[in-house]
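The values are calculated or read from the model by the stated rules, or taken from the named source; none is laboratory data. Everything quoted here is computed from the prediction, not taken from an experiment. Here the Cβ positions follow ideal geometry from the backbone for every residue, glycine too, while neighbour counts run over all protein chains shown.
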Amino acid sequence: MTFNYALSSLLLPPTSLIALTIVGVLALKRRRAFGLVLIVVSQMLLLALAMPIVANALVRSLEPLPASIDQIKRAQAIVVLGGGRNLGAPEWGGETVNDYTLRRARYGARLARETGLPVYVSGGKPTGGQFAEGTLMRELIAREFNSPVKWVDAASETTREQAQIAAQDLRPQQISRIALVTDAVHMPRAQRAFELAGLAVISAPTGYTAQRPFAPYQLIPGPVALLHSHVALREWASQLHHHLLTLVD
């Protein structure tokens, strides 16, 4: 986990709401009314964020429309962003891609087969380990999806670095328009980062989680919905952070 992700885990729900509940409990002896308000509000918010109907609404506010093959064909290359690794995978020799990276690599390989465009994979080792995300993706796409990877970035540790390094690598190849593959919820921030780096972006999102129609079960709280709410809030916070960095630059 990078510093930014660790910080967001502390400042965003559920950790922040649990911390507010603890503060409320500690305040009960001296300021009972204030303590009760903190406890009730924090727990009600936690309950709401754990409901799929709330989580889906938050995620849908970020997920763009999917791309068509005709749109992807207008690009000059396909850039696939890594989404993490599993460093505890003994059945794969110790390290492999995680679920996020797997679905991005799978979709990128499909787009490459259907368009004939060259593939650029991006991702370093932000949490240590032996193999970079880019290296693992190159092997995965070549071996399991039978599609070659032309370029590999194995040094970047953040979305912003992925954009900057990709632009540095691709511009000398006369490539200025890319199809960007990442999770749908991550796409707005990723697309902005790559556009700020000087590349024209055709978004090619995958990994949609909030497009299913309403069903009664979406009113029942659960851990998966809480995770999706946390991811959506983290993306909104990251977009604000990137915007502030742009203003400073």
Of all helices (runs of 4 or more DSSP H) fully inside the stretch 102-196, the set with 1 or more residues that are touching a residue at least 60 places away in the same chain (Cβ under 8 Å) and in contact with a Leu (Cβ under 9 Å, 6 or more places away or on another chain) is 159-170, 187-196
Any hit, the stretch 61-70, residues being part of a helix (DSSP H, G or I) and either more than 30 Å from Glu161 (Cβ to Cβ) or in contact with a strand residue (DSSP E or B) (Cβ under 7 Å, 6 or more places away or on another chain) (or both)
yes
Hey, Pro213 surrounded by fewer than 17 Cβ atoms within 10 Å (Cβ to Cβ), over 18 Å from Gly84 (Cα atoms) and modelled with pLDDT of 95 or more or not:
no
Looking only at the stretch 102-116, count every residue that is surrounded by fewer than 21 Cβ atoms within 10 Å (Cβ to Cβ) and either under 12 Å from Gly84 (Cα atoms) or hydrophobic (A, V, I, L, M, F, W, C) (or both) and tell me the total.
2
Subset of the stretch 117-167 that is β-branched (Val, Ile, Thr) and under 19 Å from Val201 (Cβ atoms) - its residue that is surrounded by the fewest Cβ atoms within 10 Å (Cβ to Cβ)
Thr158
Residue satisfying condition, being among the polar types (S, T, N, Q), closer than 26 Å to Glu133 by Cβ and surrounded by 14 or more Cβ atoms within 10 Å (Cβ to Cβ), within set Ser42, Ser9
Ser9
Considering each of Ser176, Ser203 in turn, give the residue that is surrounded by fewer than 18 Cβ atoms within 10 Å (Cβ to Cβ), among the hydroxyl-bearing types (Ser, Thr, Tyr) and closer than 20 Å to Ser68 by Cα.
Ser176
